[in-house]
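Bear in mind these aren't lab numbers, they're just calculated from the coordinates by the rules spelled out. For clarity, every value in this text was computed on a predicted model and none was experimentally measured. Note that we place each Cβ from the backbone using ideal geometry, even for glycine, and neighbour counts take in every protein chain shown.
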Amino acid sequence: MKSNEFNQQAVSIRLAQCAKSFANGTRALQPLDLEIHPGETLVLLGPSGCGKTTTLRMIAGLEFPDQGGRVFFGDEDVTALPIEKRGVGMVFQNYALFPNMSVGENIAYGMKIRGIPAGERIERVERLLEMVHLQGLSQRRVDQLSGGQKQRVALARALAMEPRVLLLDEPLTALDAKLREAVRSDLNKLLRSLGITAIYVTHDQGEAMALGDRIVVMERGKISQIGTPQEIYYHPANDFVADFIGAMNRVEGIVAGNRLQLPTGSLPLADNGRNEVVQGQPAWALFRPEDVQVIDITEADAHCVRGRLINTFFLGDRTRFEIEIGVERPVIAETSKRGWWEAGQQIAIRVLPEALVKMAPRTDKEAA
Amino acid sequence: MQNRFRFYVQLAFTLLVCAFLVVPVLLSMLAGVTENFFVGISSGLTLRWVGQVWEMYQPTIWRSLVIALACLVVTLVAGVPLAYMLARYRGGNSRLARLIEELLMMPVAVPGLATALALIMAYGTWRDFRASIFFILVGHVIFTLPFMVRPVLAVMQSSQLAQLEEAAASLGAGRMQRFFGIVIPNAASGILAGALMVVTLSVGEFNITWMLHTPLTQTLPVGLADAYASMRLEVGSAYTLIFFFMIIPLLIGMQWATQASRKKVRL
């Protein structure tokens, strides 16, 4: 299977005002607009119940949007088409391999349905097995495969009909952690080489970061933010995204000049045009643990915040410090440097202006 | 020591209960090959009664088998798609489907005599139909259909099967292709379990059949009642013996088929 076989068919997907209510009246999805570029891997990320699976199933044709919603593949309106007519390939969380068929028969199922002659079917099954590194397992029964192998058979089966769109519904969740990483890396390579439009649903932010060209973060049936992994990580659009993706420190202070005044020091204000702070008013500063520089108290200067180390965790590749600085929650710092301080020691931290994720005025609701 | 004692007490009790259940069966079978049951075994063993039953009631045996197999065919053809429809209609949570499911069970709860009487009142005037074995077949189908639908429905309602169908649909399979290619092979365990029930119940069915039969459409259980009522006890018992020999290989065969299919298809 050469990459250009798919490139030619890479199609864009557009959802227009797609909402979904269920029979019992609950709204799984608010009206949603989403554009997916041809050949892009888009990850739908969010906690369970956020509507990501419903969105995927609407693109697949397993669910239909409420009145008024439209789904387009390229210029074609596929809203009314059931899944079997949409030309999508789908990989399910539990693989959904047919237990009454061998590995080869599973992969060939779609071709058989479309009436592709047996000779060509066998040839293509061999190529697909090669693509997912399962050569020679064509005759194997499905229940004789390991979890990782099943996953790859499911992928080969989904790709067998050269679908316009590849849909993956938490495909790695059923695998154990180590295997997940290996399969993820293979999957990433494969998706890049195929150049197929792929939509990937997951609740695992690590997976989303590693695989997505763009990530759609969803919360309670709504899109919270769409962006590249870097945008989502460094410039979260709101508190939900900031908290959901990675770990985030959140510190409250008073705006004074171009700094945020804290009880034991001050942080710079981020100069990135995103500030909506008012002089003399309370505001939040948000920054990542890996952006906190931990400094020995003897080297602390006016641009530091002083505090007391309350916990130290050595994690092998990095060390995590919890530092009490006289605000509500301790600051978490992570460093890969081989420094060490004991819990209870006085210490200082520094955060560079460019590392501040966002500064927002404190609202009255939060103050209450 | 204490444990050992308790084990033997429990064993003895179990054996006693088994004996209580098995002795009548053995006695009945023995009666069928005894020259004179009232005199006892000492009167000698004989196959005379078995021969006599075979000669007199052979047609009822074949008729019962034919009806059981026809009943199986009808319940398969009607019951399996019905179960599929009940499982999938409106995404599988339809009140109507649940209602139909409950209604299907009705003939099991209603006495067979009442079902039969209703059939006679409704269709008794259609002479040819009334006098044929099809009339009995209808009664058997009404009675056995839920025993096919229930186990098949249980398998078809499993979320795994629903997902297999979604996978098949994503590969381009239409409803019919999914039903025959994915649903039926993967619901085989439920279908075979249902088939086993249907054949067993049909062969042994007495209540409905007794009301519906004519002298020319006697089935095995009806013939058995006839033999006990109007012949020597030994003849009736010999009849029972033949019944056992007929039904046991059938049951073992179907049980084996069910197990074999379970081994093959793990859902």
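A few notes on this one:
- Stretched out straight at 0.36 nm per residue, the stretch from residue B:78 to residue B:206 would grow longer than its current Cα-Cα span by 43.8 nm.
- Nearest-0.05 FRET efficiency for residue A:312 and residue B:13, computed from C-beta distance (R0 60 Å): 0.35
- Efficiency of FRET from Cβ geometry, residue B:42 and residue B:100, R₀ 60 Å, rounded to 0.05: 0.50
- Label-point gap, in nm, between residue B:29 and residue A:26 - each point 7 angstrom along Cα→Cβ: 5.7 nm
- Unit charges at the beta carbon, dipole of chain A: most positive-side option, A:197, A:89, A:29: A:89
- Here is the list for region A:220-313: GluC sites (Glu not before Pro) lying in DSSP coil, each with at most 12 other C-beta atoms within 10 angstrom of its C-beta, are A:276.
- The protein assembly as shown, dipole about Cα centre (Lys/Arg Cβ +1, Asp/Glu Cβ -1), debye to the nearest 20: 1440 debye
- Distance between the pseudo-spin-label points of residue B:109 and residue A:345 (7 Å out from Cα toward the beta carbon): 7.7 nm.
- Each peptide in B:75-85, A:195-205, A:18-28 gets a packing score, the mean of other Cβ atoms within 10 Å over its residues, and the list from highest to lowest is A:195-205, B:75-85, A:18-28.
- Gain on full stretching of the segment that runs from residue A:239 to residue A:146 - 0.36 nm per residue minus C-alpha separation: 29.5 nm
- Pairs beyond 31 Å (Cα-Cα), from A:20/A:85; A:52/A:337; A:85/A:150; A:112/A:150: A:52/A:337
- Helix runs (DSSP H) in chain B reaching 30 Å along axis by Cα, Kyte-Doolittle at least 0.0: B:2-32, B:48-88, B:133-156, B:233-264
- With the simple model of a label 7 Å out from the Cα in the direction of the Cβ, residue B:22 to residue B:229 spans 3.4 nm.
- The mean count of C-beta atoms from other chains within 10 Å of the C-beta of residues in A:93-100, rounded to a whole number, is 6.
- Computed from the Cβ-Cβ distance with R0 of 45 Å, the FRET efficiency linking residue A:355 to residue A:173 stands at 0.90.
- The alpha carbon convex hull volume per residue for chain B rounds to 196 Å³.
- Within chain A, the whole DSSP H helices whose Cα atoms reach 15 Å or more along their own axis and whose mean Kyte-Doolittle score is at least -0.5 are A:103-113, A:147-159, A:177-194.
- Rg ratio (alpha-carbon, reference 2.2 N^0.38 Å) - region A:248-367: 1.04
- Highest average packing first - A:292-298, B:188-194, Cβ atoms within 10 Å: B:188-194, A:292-298
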